[in-house]
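Taking it in order: structure first as structure tokens, then the write-up.
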Amino acid sequence: GNAIHDSALTLTDSTPDPLLLPASPRYATHGTIGLGNFTISRLGGPMRDELSNENILKIVLLHCTDIEVNTLVWKCLGYRFNVEKEFWTDAECFPKWREKYPSSDGGGF
């Protein structure tokens with residue numbers, strides 16, 4: 001199951017894989033985020049703190065992970081994480097973007 005840690009603004013798997021590589025289909029939904037000082041959560045749309053100058057500077061200075069940046073970009077593009085089904089859906093993407101880059105079979109990625 002998943003545990004949501006509000007104070008760390010992260011969603012983590014309570015029994016993480018010993019080694020979850022970016023090539024894994026589970027990486028987008030179970031890759032570790034929010035353990036450092038980069039503010040990110042898979043929940044909801046982009047939050048003010050996630051888009052702060054300080055957070056953007058951390059991206060430029062490479063003080064965060066690829067999965068953390070990817071998560072922020074997906075949220076900004078309109079993808080939303082479905083906690084219950086553990087996938088990203090294109091629910092809030094712009095129509096033309098959704099048409100060109102849909103969630104796989106409507107079920108997310």
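The values are calculated or read from the model by the stated rules, or taken from the named source; none is laboratory data. What you see is a predicted model; the values in this text were computed from it and never measured. Cβ sites come from the backbone with ideal geometry, for glycine too, and all protein chains shown count toward neighbours.
Data table
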read-out: Residues of region 40-64 satisfying the condition of being more than 11 Å from the chain's Cα centre (by Cα) and of a type in the set (S, T, N, Q); value: Ser52, Asn53, Asn55
read-out: Region 42-94: number of residues that are more than 22 Å from Leu20 (Cβ to Cβ), hydrophobic (A, V, I, L, M, F, W, C) and buried (at least 17 other Cβ atoms within 10 Å of the Cβ); value: 1
read-out: From Ala28, Ala8, residue being modelled with pLDDT under 50 and surrounded by 13 or more Cβ atoms within 10 Å (Cβ to Cβ); value: Ala8
read-out: Selection count, region 75-91, where residues are within 9 Å of Gly45 (Cα to Cα) and charged (D, E, K, R); value: 2
read-out: Pair list, Cβ under 7 Å, 6 or more apart: region 80-91 residue part of a strand (DSSP E or B), other residue modelled with pLDDT under 90 and of a type in the set (Phe, Trp, Tyr); value: Phe87/Phe109; Trp88/Phe109
read-out: Every residue from region 29-73 that is under 19 Å from Thr89 (Cβ atoms), in a helix (DSSP H, G or I) and among the polar types (S, T, N, Q); value: Thr29, Asn70, Thr71
